[in-house]
Amino acid sequence: MDGIHDLAGMQGFGRVDHIADADVGGPFHHDWEAIGYGGIFLGVEQGIFSIDEVRHAVERLEPLYYLMTPYYERYVVGVASLLVEKGVLTQEELVQATGKPFPLARPALSQGRAPRMDRTIFAVGDRVRVQDDHFAGHVRYPAYCRGKVGTVTHRTGAQWPFPDAIGHGRNDGGSEPTLHVEFAAADLWGDDTDAAAVIVDLFESYLEPA
């Protein structure tokens, strides 16, 4: 969905420093982060929700709260929101457990959508265009590449359910591969970039022949 989480390419946030090679002390800085994040996988293993439903719940957080909240806390609230929506817990129980008001994600604005039945099967080297639409539900293609043309550099061997469907709890997502699509950075960002190219991993249903 289009929301505050889709920050790439937005103006005013400044340069993002890359720290992948820095010593940042591991993925978790506090014990509660690991416990809270583990709730995602417990819920998935128990069949309560899918990973994409969790992502959608996080996307539905109130925008100012999203920006002010640490990464793992967003996922704790997202999981809690789904547990309430699925009838496993109540918000009152969460308030009693924490001793303070407990925020939840806003209601979904869409019932989701199934993948395209007429999608083209692409191969490495094909020129493709990312579909340019705005859907009030969970999607996995960032706004900055919509309508842009790139080249397929890799086609994954594995397949996954279409996120626009499974992210809403639907079972008609089928399964399809994702493709690595390389875009010239200047085509995405104009002159305001120092990258030569950007590779985006995209579901095939998001693509059409260029």
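The values are calculated or read from the model by the stated rules, or taken from the named source; none is laboratory data. All of these numbers come straight from a predicted model, not from anything done at the bench. Using ideal geometry, Cβ is built from the backbone for each residue, glycine included, and neighbour counts are taken over all protein chains shown. Surface areas here come from the heavy atoms of the whole protein model, side chains and all, with no ligands, DNA or RNA. Shrake-Rupley method; radii C 1.70, N 1.55, O 1.52, S 1.80 Å.
Residues in segment 157-166 that are of a type outside the set (F, W, Y) and within 16 Å of R116 (Cβ to Cβ): Q159, P161, P163, D164, A165, I166.
Looking only at residues in segment 143-190 that are touching a helix residue (DSSP H, G or I) at 6+ places or on another chain (Cβ under 7 Å) and of a type in the set (F, W, Y), the one that is modelled with the lowest pLDDT is Y144.
Name the residues in segment 184-200 that are in contact (Cβ under 8 Å) with a residue 40 or more places away in the chain and open to solvent by 60 Å² or more (accessible area, probe 1.4 Å), would you? Selection gives W189, I199. Cβ-Cβ distances below 7 Å connect the following pairs, each with a first residue in segment 143-169 that is on the phi < 0 side of the Ramachandran plot, a second residue that is acidic (D, E) and buried (at least 20 other Cβ atoms within 10 Å of the Cβ), and a separation of six or more residues or different chains: P163/D52; I166/D52; G167/D52; G167/E53.
Once segment 201-210 is narrowed to residues that are among the acidic types (D, E) and in contact (Cβ under 8 Å) with a residue 60 or more places away in the chain, the residue that is surrounded by the most Cβ atoms within 10 Å (Cβ to Cβ) is E204. Here the helices (runs of 4 or more DSSP H) wholly within segment 69-183 that include at least 1 residues being surrounded by fewer than 14 Cβ atoms within 10 Å (Cβ to Cβ) and under 16 Å from the mean Cα position of the chain (by Cα) are 71-85. Selection of segment 1-51 for residues being at pLDDT 90 or above, exposed (fewer than 10 other Cβ atoms within 10 Å of the Cβ) and either in contact with a strand residue (DSSP E or B) (Cβ under 8 Å, 6 or more places away or on another chain) or not in a loop (DSSP other than H, G, I, E, B) (or both) yields only E45. When segment 86-126 is filtered for residues that are among the hydrophobic types (A, V, I, L, M, F, W, C) and without any contact (Cβ under 8 Å) to a residue 12 or more places away in the chain, the ones remaining, listed by number, are L89, V95, A97, M117. Quick check: anything in segment 122-140 touching a Gly at 6+ places or on another chain (Cβ under 7 Å) and on the phi > 0 side of the Ramachandran plot? No: segment 122-140 contains no residue that is touching a Gly at 6+ places or on another chain (Cβ under 7 Å) and on the phi > 0 side of the Ramachandran plot.
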